[in-house]
Every structure is written in C-alpha cells, then in structure tokens.
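Shown next, in structure tokens, is the structure this report addresses.
No value in this document is a laboratory result; all are computed from the given coordinates. Everything numeric here is computed off the predicted structure, so don't read it as measured data. No Cβ is skipped: glycine too gets one built from the backbone with ideal geometry, and neighbour counts run over all protein chains shown.
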Amino acid sequence: MWYTTRCYFCKKTFVNNVNTICRRTSTVANVDKNSNELVLLGQKYATDDWTNVTPSIITKLGRNLHVKQYHPLSLLRQRIVNYFYGQFRSKSGTPSFSIYDNICPIVTVSQNFDSLLVPKDHPSRKKTDCYFINQDTLLRAHMTAHQAELISMGLNNFLVIGDVYRRDEIDSTHYPVFHQVDAVRLRTSDEIFCNVNDSESLKLFEHRGIESAEKQGCHTLEVVKIMEQELKNTLISLAQVIFGKDVRCRWIDQYFPFTHPSWELEVFYNDKWLEILGCGIMRQEILQKSGAVDRIGWAFGLGLERLAMCLYNIPDIRLFWSNDAGFLNQFKVDNPNAHIQYKPISIYPSCTNDISFWLPQDGSYSSQDFYDIVREIGGDIIEQILLKDEFTHPKIQKTSHCYSIVYRHMERTLTQRTVNEIHNQIGKTVAAKLNVIIR
Ligand code: PHE
C-alpha cells in the first residue's frame, strides 16, 4: 500500500514489492550531474552519488498544499486539527495539542530513520525508496521524522503536518509527494491513574519485564491497555467525525520499528476497506533518548490524500496539484465541515477573467441579475462565477464587487482571444443593463 506502512515498514508485505523496486531503479532522473551543489528552499546542499532527487520533485518543495487556503487537503487538515483542539483540553480549557505545519521537509538520515530505531539494513532506507539530496540528507519520507526532536524540546501533545516524499510510480492513487498528519501524546503516571482509587499499586514501568505481542518489556500491561484504549477511542471518533457516525472500522495488527504494539485502522467506505492510518505505543527507547523518561506515549500517522479522495470523491491524486480553477473553486468554502462532492470537469483548459464594478447607489443591484447576463452572453462555456471581493469605499460610501468568471469549453480549447471578446461583451452589457460602473 502506498502512504503508510505495508511496503514501507512492514517486512512481511515488502517482499511483494521487489519487482516494483527493481523497475524503479532504472528510471533515476537526475539533477545537473556536473554541479556538485543544489540549492533547495534557499539552502545550499552538496550532492554526491546518493543524490537522486529529480527536478520535478524539487518543484514541489514549498507548494505547501496542506496550508493553502480552500485547498481540499487544507480543509481536511483543519477538520483534524479542530477535532484535536476540541477533544483534548487542559484544566484551564486551552487546547493541549500544539500544531506544527511549517517544518522544513529536508531532514537528516538520523531524523528520518536513526532517531526512530529503524534498523540500519531496513529496506525503507534504500535509495530506491527515498529522495536523497546526499548521503546524509533526504526529503522526509514520513512526518514521524520530527517526533524525537519535538519531544526533546519538551512537547507532550502535538500534531506535525506536512509534505512527505517517497519514490514510486505515478498513477491515479500514487504520487511521489503526499501529505501526512502525525500525532504524539505523552502521559505521566499521575495523569493516567488520577481517577483510579488504588493508584498506589499502579505503575508505568516494570523491571525485567518481557516483550510480548501485547507490550514492550519495560511497560506494565495495565498502563499499555489504558493507553491503547485512549489511542483507539481517539482514532475511532476521528474516523466518525470525518466519515460519519455509522462508519465501520477495524483494527489490523501491524509492525513499525518505532511503536509496539502497532496497529492500522481501516474504515469501510464506498464498498471497500480502506487503510487510513498507522499507530501504536511509542518505543520507550525513543522517549528515553529524548528526555521524556517518566512518560509513556502513543503516536499515529495518517495520509491526507487518501482520506480526501474518499471524502470529496476526487478520482485522481494528481488533481491535488492542479491550479485549475475548475478544481480549486469547488472547495471554496469557509466552513471546513461543508459537505463537498467533487464533480469532474472538462479536460479542456479553463480561462479565468476578472471583472470589477461599482454598484449603483440606489440599491437596485443584485448578483443574480449579473449571473443571468453572464450566462446569457457566455452560454455553456461559463463554468463558474465567483464573487471574489466586495468592499465599500469609506469616503465615497460606494460598494464595489469583483467577480472571477471561469470559462471552459466542453469540447475544445478556448483561446484567450475568444474569451476576451466574450468577457468585454459581458462588461458592456452589465454596464448598460445594471447601471454599474466598470472599474
Ligand atoms: N510513519 C508511519 C508511516 O508513514 C506512520 C506511523 C506514525 C505509524 C506514527 C506509527 C506511529 O507509515
């Protein structure tokens, strides 16, 4: 599977991917081999024989779709963040989780792998699976790369959201760049057992314990069960918030080097089971090395594209990268919970022209009249009309409207000249009929 685990961390199913990986090695596109330097996001990096980052991947750096206003990935991110803000609050009522959605995607091998106890010979470290800038530096392959560092900074509850990069083929559900939300929650024994009567006898850790399928050696079974319950409840309610109260969910045992025990959550949506996230009880060694010695933690990582494709009915993962107004305008809503079902648009490109005018001061103007005139003149090539801006001049007390008109022909490519002619015709007609003054 793509965005989370199977081929990436789970040794078992990785074997199935050997073919794909062999095919992939032969298609290593490359950046200027003669220069031994790369400038990425304003920073210089030395290149070496590990460098395999390609020009088209580099163009994705800094796009930050997950924070782009009205982008479907950003709407979904907002829903997840709102859920965590609402669900976890401190005694004083402030949200417990802090959000990091602006961390640079260029990380060290140590951040992406070593800090997470990924074995040195683990397949996920391979050149065939990651985009390396050089031997020590790569484009992060998961948001978990920032986990240890944020814990070292003293954080106990956080979400890290951003773009991640993995080498793979490109089809309607696979793309070498996608977005993840990772979460960590750390708790002390006092926090966990505060509501228990006989809390004296309850501990987080046990000495000389043995690792089993249920727990790590150092943890007590009771604390692991409490954490597991909180983790699973949190994620099931998150799935319900996104997919609706009645969504069917199931847990699958999983393997990650950085959590134990580990699970995957699957939801039943549009007649099939869909894997939406990986999670588990954090390896205590990571917490110890990061200075959180008296805490136990859970963590999860979730891919945004896959969820958004289901939720909004988006048929192709490439659409997320589109600048096409016919795509983006369908997500122009201020309420991130709005129910949106994407409607496929014509494959021919669109042209967007803006029109601004002062409204008549007698209150006779209505947008509906404007829409009718535009339709009347433009006919079926009018794909969308959006009120982009409305403002009242403080001195002259006149109101102005600015609309974007998206033109698209269903059977052929429109030239800008044709569109301009229609657009001018619209301008003239509205000026004459609606008593507006074109700006
Ligand atoms: N980093 C894992 C992935 O990308 C997801 C994960 C995060 C799993 C945190 C467990 C804990 O597949």
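In terms of modelled amide H atoms, which long-range or inter-chain residues lie less than 5 Å from the amide H of Arg283?
Thr259, His260
Among Gly301, Gly326, Gly86, which one shows the biggest mean-square fluctuation in a GNM of the chain, springs joining Cα atoms closer than 10 Å?
Gly86
Compare Val39, Val333, Val181 in a GNM of the chain, Cα atoms joined below 10 Å, and give the one with the largest fluctuation.
Of Val39, Val333, Val181, the Gaussian network model singles out Val39 as fluctuating most.
If you average the sequence gap of Cα pairs under 8 Å that are 6 or more apart and divide by the length of the stretch 130-206, what percent do you get for the contact order?
26
Quick query: amide H of Tyr269 versus all other amide H atoms, modeled in the peptide plane; which residues come in under 5 Å with a sequence gap of 5 or more or a different chain?
Long-range HN contacts for Tyr269: Leu274.
Distance from the Cα centre of the stretch 233-270 to that of the stretch 158-230, in angstrom?
When both Cα centres are located, 13 Å separates them.
Between Gly278, Gly93, Gly217, where does the largest GNM mean-square fluctuation fall for the chain, given springs only between Cα atoms within less than 10 Å?
Residue with maximal mean-square fluctuation among Gly278, Gly93, Gly217: Gly93.
Take the cross-link list Lys91/Lys232; Lys68/Lys388; Lys68/Lys332; Lys245/Lys272; Lys245/Lys332; Lys203/Lys225 and give me the ones stretching past 20 Å between alpha-carbons. Please report the intermediate quantities before stating the final value.
Working: Lys91/Lys232 23 Å; Lys68/Lys388 17 Å; Lys68/Lys332 11 Å; Lys245/Lys272 17 Å; Lys245/Lys332 25 Å; Lys203/Lys225 12 Å.
Going by Cα-Cα distance, Lys91/Lys232; Lys245/Lys332 fall outside the 20 Å limit.
For the chain, what is the mean residue ellipticity at 222 nm derived from helices alone (per DSSP H run of n ≥ 4: -39500 (n - 2.57); sum divided by total residues; nearest 500 deg cm²/dmol)?
-8000 deg cm²/dmol
If each residue's Cβ is checked for other Cβ atoms within 10 Å, how do Phe193, Phe113, Phe256 rank with the fewest at the top? Please list the in-between numbers first.
Values: Phe193 20, Phe113 24, Phe256 27.
Fewest to most other Cβ atoms nearby, the residues stand as Phe193, Phe113, Phe256.
Highest mean first, how do 368-375, 357-364, 282-289 rank when packing is the count of other Cβ atoms within 10 Å averaged over residues?
The packing order, highest mean first, is 282-289, 368-375, 357-364.
Need the list of lysines near Lys289 for cross-linking: C-alpha distance under 20 angstrom, and skip anything on the same chain fewer than eight residues off.
Counting by Cα, and skipping residues close in sequence, Lys289 has these lysines nearby: Lys120, Lys215.
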